[in-house]
1. Largest first and to the nearest Å, give the Cα extent of region 117-236 along each principal axis.
2. Tally the DSSP beta bridges in region 64-213 and give the antiparallel ones as a percent, rounded to 5.
3. Suppose every Lys and Arg Cβ carries +1 and every Asp and Glu Cβ carries -1, with no other charges. What dipole size does region 102-228 come out with about its Cα centre, to the nearest 20 debye?
4. Order the peptides 96-104, 165-173, 218-226 from the highest to the lowest mean number of other Cβ atoms within 10 Å of their residues.
5. What distance in nm separates the simple spin-label points at residue 247 and residue 162, each placed 7 Å from Cα in the Cβ direction?
6. Taking a cut-off of 20 Å between Cα atoms, list the lysines near residue 133, but don't count ones fewer than 8 places away on the same chain.
7. Taking R0 as 41 Å, what's the FRET efficiency between residue 118 and residue 257 from their Cβ-Cβ distance, rounded to 0.05?
8. Could you give the distance between the Cα centres of region 192-206 and region 242-257, to the whole Å?
Amino acid sequence: MNAQPPLEAILRWYLDAGVDEAIGETPIDRYASAPPTPPPAPAERPAAPRFAPTPEPVAAAPVESSAHAAFAATSLAELRAVVESFEGCPLKLTARSTVFGAGAVNARLMVVGEAPGEEEDRQGLPFVGPSGKLLDRMLDSIGLSRERDVHIANVLPWRPPANRTPTPAEVGQCLPFIERHIELIDPAMLLVLGGAAAQALLGKSDSIGRLRGRWLAYSSTRLPRPIPALATYHPAFLLRTPAMKRDVWKDFLMLRKRLEQKN
Ligand code: URA
């Protein structure tokens, strides 16, 4: 007799139980994993509840609370502490790390993306996953190094669960953090990656296809002057759509030209 039930029977059992969707980003070999811990002796078994209670949803704090805290920060170290101790954004509950920013603090170019992905969440650093590797190569192609010439951050410091699109409320709540971050770095120019970041920072509703390829301005009442900003396609999009690298190359040439002019 075959000791293991046939695969089809297992799958059918899952289907009958209502499991008709594979979730999770990485497959789990349950045959290879450790055997389950035996249940506690009956005396120790809790009587109730039988199922873990659903956690209460955490209400997002009003935007004023993140804005008040962010704009009170007078240095990057203070701002980092404010973001790390902020408990008002539900995204923080599901993220492993607060991904604040990295790179040169006196950089003339600041790069702003949308939100940390899986690898960024693991390492606590921005753009260190596959799209970050591509970003490094793109920067390198115009002679820039992320450690020496660029400061990098995201609109959101916390990874949305399973990389879902952040809600407008989450973006609005985190916006004061990146706004203050830009003010404290005070770069000569901004490179904004992807439509979501461009729309959030530049206050536009156009698609990234329309926003890219021309100099725009990032303004804030707390800055002495608007900062020239160039939006372009996100490297994650380029990994899926390599044909668009051609347009991004043109944008990077515009960036290089402007960086050279201001030297
Ligand atoms: N995508 C982003 O927008 N930011 C990161 O840090 C990584 C991926």
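The values are calculated or read from the model by the stated rules, or taken from the named source; none is laboratory data. Computed from a predicted model, the values in this text were never measured in an experiment. Glycine also receives a Cβ, built like all others from the backbone with ideal geometry; neighbour counts cover every protein chain displayed. Remember, those area values only see protein heavy atoms, side chains included, never the ligands or the DNA or RNA. Shrake-Rupley method; radii C 1.70, N 1.55, O 1.52, S 1.80 Å.
1. Cα extents, longest axis first: 37, 36, 29 Å.
2. On the way: 2 of 11 bridges.
Restricted to region 64-213, the bridges split so that about 20 percent are antiparallel.
3. Numbers: 15 positive and 14 negative charges, 74 e Å.
Around 360 debye, computed over region 102-228.
4. Numbers: 96-104: 20.0, 165-173: 16.4, 218-226: 11.2.
The packing order, highest mean first, is 96-104, 165-173, 218-226.
5. Taking the simple label geometry, residue 247 and residue 162 are separated by 2.8 nm.
6. Excluding near neighbours in sequence, the set is 245, 250.
7. Working: r = 35 Å, r/R0 = 0.85.
Using R0 = 41 Å, I get an efficiency of 0.75.
8. What the calculation gives is 18 Å, centre to centre.
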